[in-house]
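Below: one structure, written as structure tokens.
All of the numbers you see were taken from the coordinates with simple rules; none came from a lab. Not measured: the values here are computed from a predicted model. Every residue, glycine among them, receives a Cβ derived from its backbone with ideal geometry; neighbour counts consider all protein chains shown.
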2 protein chains.
Amino acid sequence: MRTLIATLSLLAATTPAAALAQNARPSQTATSPDGSLVLTVSTDNDQRPTWSLSRKGKLLIAPSKLGFLMADRVGLQRGFAIEGAEKASADSQWELPWGERRFVRDRHNEMLVRFRQHESWGGHALNVRFRLFDDGIGFRYELPEQAGLKTAKIIDEVTEFDIAAPGTAWWITAGEWNRYEQIYQKTPIDAVATAHTPMTMRLDDGTHLAFHEAALVDYSGMWLKRAEGRLFRSTLSPSSRGPRVIRELPFNTPWRTIRITDDAAGLVESDLELNLNEPNKLGDVSWVKPMKYIGIWWGMIRGDWSWAEGPNHGATTARTKQYIDFAAKHGFGGVLVEGWNKGWESNWFGHGDAYSFTEAYPDFDLKAVTDHARKKGVTLIGHHETGGNIAVYEAQLEDAMKLYGDLGVQAVKTGYVADAGGIIAPGDAPGETRMEWHDGQRQVQHHLKVVETAAKYKVAVNPHEPVKDTGLRRTYPNWVAREGARGMEYNSWSAFANGGPDHEPTLVYTRMLSGPMDYTPGVLSLVGGEGRPHASTLAKQLGLYLAIYSPIQMAADFIENLEAHPRELEFIKVVPADWADSRLIAGEVGDYAIFARKDRNSADWYVGGVNDGTERTLTLGFDFLDAGKTYTATIYKDGEGATYLTEARHKIAYETIKVKKGDSYKLWLAPGGGAAIRLHPGK
Amino acid sequence: MRTLIATLSLLAATTPAAALAQNARPSQTATSPDGSLVLTVSTDNDQRPTWSLSRKGKLLIAPSKLGFLMADRVGLQRGFAIEGAEKASADSQWELPWGERRFVRDRHNEMLVRFRQHESWGGHALNVRFRLFDDGIGFRYELPEQAGLKTAKIIDEVTEFDIAAPGTAWWITAGEWNRYEQIYQKTPIDAVATAHTPMTMRLDDGTHLAFHEAALVDYSGMWLKRAEGRLFRSTLSPSSRGPRVIRELPFNTPWRTIRITDDAAGLVESDLELNLNEPNKLGDVSWVKPMKYIGIWWGMIRGDWSWAEGPNHGATTARTKQYIDFAAKHGFGGVLVEGWNKGWESNWFGHGDAYSFTEAYPDFDLKAVTDHARKKGVTLIGHHETGGNIAVYEAQLEDAMKLYGDLGVQAVKTGYVADAGGIIAPGDAPGETRMEWHDGQRQVQHHLKVVETAAKYKVAVNPHEPVKDTGLRRTYPNWVAREGARGMEYNSWSAFANGGPDHEPTLVYTRMLSGPMDYTPGVLSLVGGEGRPHASTLAKQLGLYLAIYSPIQMAADFIENLEAHPRELEFIKVVPADWADSRLIAGEVGDYAIFARKDRNSADWYVGGVNDGTERTLTLGFDFLDAGKTYTATIYKDGEGATYLTEARHKIAYETIKVKKGDSYKLWLAPGGGAAIRLHPGK
């Protein structure tokens, strides 16, 4: 036996639920500012709240349910009527202290729909706020203060997205051992399993979609689980406590978002999630400094050096000073040092019990190196690997951040190397632990705690094995970057472990939609551990600085290898990590991506990006340049015959030409290739 | 940063984990009795326990991980070594008190593999017991008593099944609003989302697989979540408590099973899960009586009568006596009466607060009808709809079952009409409730409590909106049937709501692999509510008695409609609900299914089954008949021009012929058709 539909027809109109249905307000609708998106909010035959969306007159999201499963009461799913709706509009501009662009326009229409559940179903009030932009939609649940529901114990959120038309999806599996660090899959939409967001789709009619969320605060990360066909339903990252989210009322959920555009460039250039985040809460953040950096790291990743103390210890005082000197000489802002602190001897992966975040190994003189760095105008980039043990880390957090603040360390890379479900959080009693997820409510709370504590000491944060980015850098601009995808390091562990050359042109349209990534480009040697080749040409290593944005951008290779490529090093030295504007001037999801980006601190433009495994020739138009100026274009491109497949990956060509607005340039991209161009007005 | 593989290579062989790897015993292998299946159990580079399986020299399950995520400690996933393995074999035969066949052969090889986790990962002991049959495999985890782990708080079980070859899958989505009551989907294996079991597959090479579990006791039901490609991973039905399973050690999990056969018949005829269940715990179960039954039910489903008291109340004393008289006249063993008890007035779907399971409505004299039934040699089939509220039901359970036992009620149909996650269980404090799943640990405990309580009073149980069947009828033979799939009733609510005629020939190879289903065939009028037509011919209604087994088999239509079809009623009267043997003599998954079944109480054979929407002609061979006997075959088959699509669905043809072993018979099956044949030795 099954549903209320049947039940209702049998019990007839004398039941409260049927009476409720008769009293329900009709559907509510709203449109995007340009009218292209039309939202309809309604209730179905079971009095379930539903939403649907059409674009340019075509159904895009078929009626999809909204609601929650609760741990201690019948779910907030059925028996709802619309009590009312309120509308608003906004058109404003705001400024990013650093980023892909300086100014962001926020133009949207808003509709708040107030649902009320019939008494026999709990009588709960549930509001849903929708914001419609021309390039997408966001909505969030708002649970107002109300009698009878003080604490929401949410077992799961069951928000549906029923995609009305077929197409292709790019996605990674949620809930995996390996967190977000998987090769992206490209499948039909109806072959997705359970995906992390952002999940990107191209419908057969060319419409581009990217599903994600904004402002993930004190809540669990949303996964999208395909139920059947093209129907997706949210499921929240798990918790050891049963309810995946526990919150006191009133509260709002994160925004559930879809970027919706005609093409790949529209997806990449959208600021939808940033617009749905709260403004900067930190005030003056001039101490957050975009920079490029080098580090004592690639040697450990390659297996030449060790994190732990010993004969091959990477983080020695001497080597750190050597790196600081190199950084100062070449204008790098920072030097990352991993393995400087005590605790790496033990089985740290997924454990982290032994870590001290304030005590250095004897062969690493923290005071001496930070003094040396300060003198040289360079910052140390600190490092806090936790092994996923936030119980140990949180106990030391204040002291650890204060230490860095006192020493003038401007940024810290944190790490949470543990399996999915392997975050070790403090339990309810001393000595007890609770296992949590990298994107569960507890770890979401943890990340913000780290960011806020760091901000007190003017330290920027770059977490690895993080929670995904949901635009919180707008609110907390010291949250500068993160990992959260398969990074360069995999190339060191096995040949072409990054899924070959398709990986980066896929990241641009998936992971990178969420925000900056510490991908660590600049392995100019193109060699990983035990001589393993990278699936990249040399020019692609430069193109990565344009394709994959981070305000703290690494040059990952050994400094000896950087120095061995003086012309490439010259490009890495000048390419900015902070932009006035960014545009995708050529690209398709998973195939290639060429950006034009304008320096925030000069009149220079930079153009460049990455290719997949298929060689191609593009005609780049320089329409974006300022009229009336002539630019000197310094071009780094794949040399003739270059290919990622052989030693010809090292073949690079250089060219210097003059260009002006309206000119075009024919660019050949090698298999696994890339390109980088500096455009400087005048000579 | 990522995995232990990398970490280990960097930390080198001085680490405990690496030392452990060097000490690990090599892989363990075992084979099925006929040698066709070869199992390999090992550990991978992360010291994760793995298993793989090949069949006839071909890889079937690629190396797949084993393990658990825990709520209060690092998971039982990594850092394991094999301590040892023990082998055993068995070949025995046992008897089913009722069922599809009388004798079951249990022939298997067994291997118990003992894993031990390195101290730095917890030091836990984890055993896995494998049983290899010629037609499949089962394995379960066994957690022995051990220091340091008294209570297992299992957040999830992460057992993998990496299917090595492509094929087609038949499946329903797990975790849905509608529990198990969905239309089966047929997709490529790599387009499955998260599936309930049984999930059936046909690989491109013709190998048939069915994934399921056996002996689900005090644990949560297993769902199979596709991670990517053809890699599936178990996920357990949720719990409001966080850990999806909480168990004191020592304990064993249910068996994870795969039937593996050359053809569809092999799948259907396998007794794999029954063999993995414990023997009968109830002793003499002669009081469990296979029967056919009618009921005061279809009238409510159609909307003609009401469950609640009122002018159209179904369950009146007078109507019940009328039904008892009809049952007695035609040899039906039971009469189901729904809506006899107080509490249906309120919003019972997903609530159930108002139900009394001992108090009848004033117009239903329970004592009078049970007296009347006893006099007529018929049993009342009781009814306990809970609306999913097991807090209310469990409080009355003992009294309710005692009442039925005292009155001679031999069976009860229970019901749990609520959304997924909508089971209302008692909380930790009085007045508190916890929401649970239909197949979560708490509800699994509940079902067994109901079955055991019922057994005390010699009552058989037939739950609707149940947990899936995992073969527990072997251990508790009073657990006679259940719903757990979309049943006949959907035809009443909207036209062809059962997914059209493909539904039943899909059920045979999916849901029915788990055990008996109370599908409620026999709607001879072929008409649901408001005149809605069924996607079935008249002959198919008879074929269902052969295709979909239950020891309590309903004739669901109004008795007036049964009487209006005297020849069909005659078949329903004679067809057994208890068999000596059952064979699929023709069929393909999702297309058609024709069974030959031998009566347990006579020398009669019955042949029949169901077709999908495509007409077809089969040549049935009577090889199964006893040699030297001549049988009178009474044939009910689709009439010329019959089709489920029009009023021609009522066209039926009758034929009587003589047949003997070795004869064959050409049978035409209409679109949406079926057939039924009684084979009686002599005249």
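Name the one entry in A:L126, A:L112, A:L132, A:L143 that is among the aliphatic types (A, V, I, L, M) and farther than 15 Å from A:V41 by Cα.
Details: A:L126 fails: farther than 15 Å from A:V41 by Cα; A:L112 fails: farther than 15 Å from A:V41 by Cα; A:L132 fails: farther than 15 Å from A:V41 by Cα.
When all the criteria are applied, what remains is A:L143.
Could you pull out the residue among A:P426, A:P463 that is free of Cβ contacts under 8 Å to residues at least 60 places away in the same chain and buried (at least 24 other Cβ atoms within 10 Å of the Cβ)?
One residue alone meets the criteria, A:P463.
Could you tell me whether segment B:60-68 includes any residue that is without any contact (Cβ under 8 Å) to a residue 60 or more places away in the chain and not aliphatic (A, V, I, L, M)?
No, that holds for no residue.
Does B:L380 count as away from chain A (no Cβ under 14 Å), surrounded by fewer than 24 Cβ atoms within 10 Å (Cβ to Cβ) and touching a residue at least 40 places away in the same chain (Cβ under 8 Å)?
For B:L380, the condition - away from chain A (no Cβ under 14 Å), surrounded by fewer than 24 Cβ atoms within 10 Å (Cβ to Cβ) and touching a residue at least 40 places away in the same chain (Cβ under 8 Å) - is not met.
Which of the residues spanning segment B:513-527 are surrounded by fewer than 24 Cβ atoms within 10 Å (Cβ to Cβ) and over 18 Å from B:K637 (Cβ atoms)?
Within segment B:513-527, B:L513, B:S514, B:M517, B:S525, B:V527 qualify.
Among the residues of segment A:126-161, how many are of a type in the set (A, V, I, L, M, F, W, C) and touching a Phe, Trp or Tyr at 6+ places or on another chain (Cβ under 7 Å)?
9
Per-residue answers, yes or no, for (1) buried (at least 24 other Cβ atoms within 10 Å of the Cβ); (2) within 14 Å of chain A (Cβ to nearest Cβ); (3) in contact (Cβ under 8 Å) with a residue 60 or more places away in the chain; (4) in a strand (DSSP E or B):
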position: B:A454; (1), (2), (3), (4): yes, no, no, no
position: B:A485; (1), (2), (3), (4): yes, yes, yes, no
position: B:F496; (1), (2), (3), (4): no, no, no, no
position: B:D502; (1), (2), (3), (4): no, no, yes, no
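For (1) surrounded by 22 or more Cβ atoms within 10 Å (Cβ to Cβ); (2) touching a helix residue (DSSP H, G or I) at 6+ places or on another chain (Cβ under 8 Å), each residue gets a yes or a no:
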| residue | (1), (2) |
| --- | --- |
| A:D218 | no, yes |
| A:M222 | yes, no |
| A:G229 | no, yes |
| A:R233 | yes, no |
| A:I246 | no, yes |
| A:L249 | no, no |
| A:T257 | yes, yes |
| A:I260 | yes, no |
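Restricting attention to segment A:546-585, report how many residues are of a type in the set (S, T, Y) and in contact with a Pro (Cβ under 6 Å, 6 or more places away or on another chain).
The qualifying residues number 2.
Among the residues of segment B:329-347, which ones are touching a helix residue (DSSP H, G or I) at 6+ places or on another chain (Cβ under 8 Å) and of a type in the set (A, V, I, L, M, F, W, C)?
Hits for segment B:329-347 are B:F332, B:V335, B:V337, B:W340.
Among the residues of segment A:293-308, are any in a strand (DSSP E or B) and among the small types (G, A, S)? First the steps, then the outcome.
First, the residues of segment A:293-308 that are in a strand (DSSP E or B): A:293-296, A:306.
This time we only want the ones that are among the small types (G, A, S), so: A:295, A:306.
Looking through segment A:293-308, at least one residue is in a strand (DSSP E or B) and among the small types (G, A, S).
Is it fair to say A:R319 is without any contact (Cβ under 8 Å) to a residue 24 or more places away in the chain and not acidic (D, E)?
In short, yes.
So how many residues does segment B:64-86 have that are more than 28 Å from A:T433 (Cα to Cα) and either within 14 Å of chain A (Cβ to nearest Cβ) or among the aliphatic types (A, V, I, L, M) (or both)?
The qualifying residues number 2.
Which residues, taken from segment A:118-144, are outside any strand (DSSP E or B) and either closer than 30 Å to A:T207 by Cα or more than 32 Å from the chain's Cα centre (by Cα) (or both)?
A:H118, A:E119, A:S120, A:W121, A:G122, A:G123, A:H124, A:D134, A:D135
Please specify each residue of segment A:44-95 satisfying the condition of being under 32 Å from the mean Cα position of the chain (by Cα) and of a type in the set (A, V, I, L, M).
Matches in segment A:44-95: A:L53, A:L59, A:L60, A:I61, A:A62, A:L66, A:L69, A:M70, A:A71, A:L76, A:A88, A:A90.
Answer yes or no: is there a residue in segment B:555-565 that is within 19 Å of the chain's Cα centre (by Cα) and among the aromatic types (F, W, Y).
Within segment B:555-565, the first condition is being within 19 Å of the chain's Cα centre (by Cα), and the residues that meet it are none.
No: segment B:555-565 contains no residue that is within 19 Å of the chain's Cα centre (by Cα) and among the aromatic types (F, W, Y).
For segment A:416-433, give me each residue that is small (G, A, S) and either more than 21 Å from B:Q77 (Cα to Cα) or facing chain B (nearest Cβ under 10 Å) (or both). Lay out the reasoning, then the answer.
Of segment A:416-433, the ones small (G, A, S) are A:418, A:420-422, A:425, A:427, A:429, A:431.
Of everything in segment A:416-433, those that are small (G, A, S) and either more than 21 Å from B:Q77 (Cα to Cα) or facing chain B (nearest Cβ under 10 Å) (or both) turn out to be A:A418, A:A420, A:G421, A:G422, A:G427, A:A429, A:G431.
Within segment B:145-200, how many residues are of a type in the set (D, E, K, R), part of a loop (DSSP other than H, G, I, E, B) and under 23 Å from the mean Cα position of the chain (by Cα)?
Qualifying residue count for the region: 3.
May I ask you to verify whether A:L267 is touching a residue at least 40 places away in the same chain (Cβ under 8 Å), among the aliphatic types (A, V, I, L, M), out of contact with any strand residue (DSSP E or B) (no Cβ under 6 Å at 6 or more places or on another chain) and more than 14 Å from every other protein chain (Cβ to nearest Cβ)?
Working: touching a residue at least 40 places away in the same chain (Cβ under 8 Å): yes; among the aliphatic types (A, V, I, L, M): yes; out of contact with any strand residue (DSSP E or B) (no Cβ under 6 Å at 6 or more places or on another chain): no; more than 14 Å from every other protein chain (Cβ to nearest Cβ): yes.
Answer is no for this residue.
Residue by residue through segment B:113-134, note down the ones that are surrounded by 23 or more Cβ atoms within 10 Å (Cβ to Cβ) and over 15 Å from B:G67 (Cβ atoms).
B:F130, B:R131, B:L132, B:F133
Residue under question is B:D34, and the condition is that it be at negative phi, among the acidic types (D, E), touching a residue at least 24 places away in the same chain (Cβ under 8 Å) and buried (at least 19 other Cβ atoms within 10 Å of the Cβ); does it hold?
Working: at negative phi: yes; among the acidic types (D, E): yes; touching a residue at least 24 places away in the same chain (Cβ under 8 Å): yes; buried (at least 19 other Cβ atoms within 10 Å of the Cβ): no.
So B:D34 fails the test.
Give the residue that is nearest to the other protein chains (Cβ to nearest Cβ), with candidates limited to residues of segment B:105-124 that are in contact (Cβ under 8 Å) with a residue 40 or more places away in the chain and aliphatic (A, V, I, L, M).
Taking the candidates together, the pick is B:V113.
Please enumerate the residues belonging to segment B:429-439 that are crowded, with 19+ Cβ neighbours inside 10 Å and out of contact with any Gly (no Cβ under 7 Å at 6 or more places or on another chain).
Those that are crowded, with 19+ Cβ neighbours inside 10 Å and out of contact with any Gly (no Cβ under 7 Å at 6 or more places or on another chain): B:E436, B:H438.
Would you point out the residue of segment A:159-191, among those that are of a type in the set (V, I, T) and facing another protein chain (nearest Cβ under 8 Å), that is surrounded by the fewest Cβ atoms within 10 Å (Cβ to Cβ)?
Checked segment A:159-191; the qualifying residue surrounded by the fewest Cβ atoms within 10 Å (Cβ to Cβ) is A:T187.
Yes/no per residue for (1) crowded, with 19+ Cβ neighbours inside 10 Å; (2) under 27 Å from A:L526 (Cα atoms); (3) under 28 Å from the mean Cα position of the chain (by Cα); (4) among the hydrophobic types (A, V, I, L, M, F, W, C):
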| position | (1), (2), (3), (4) |
| --- | --- |
| A:G587 | yes, yes, yes, no |
| A:D599 | yes, no, yes, no |
| A:V607 | yes, yes, yes, yes |
| A:W668 | no, yes, no, yes |
| A:I677 | yes, yes, yes, yes |
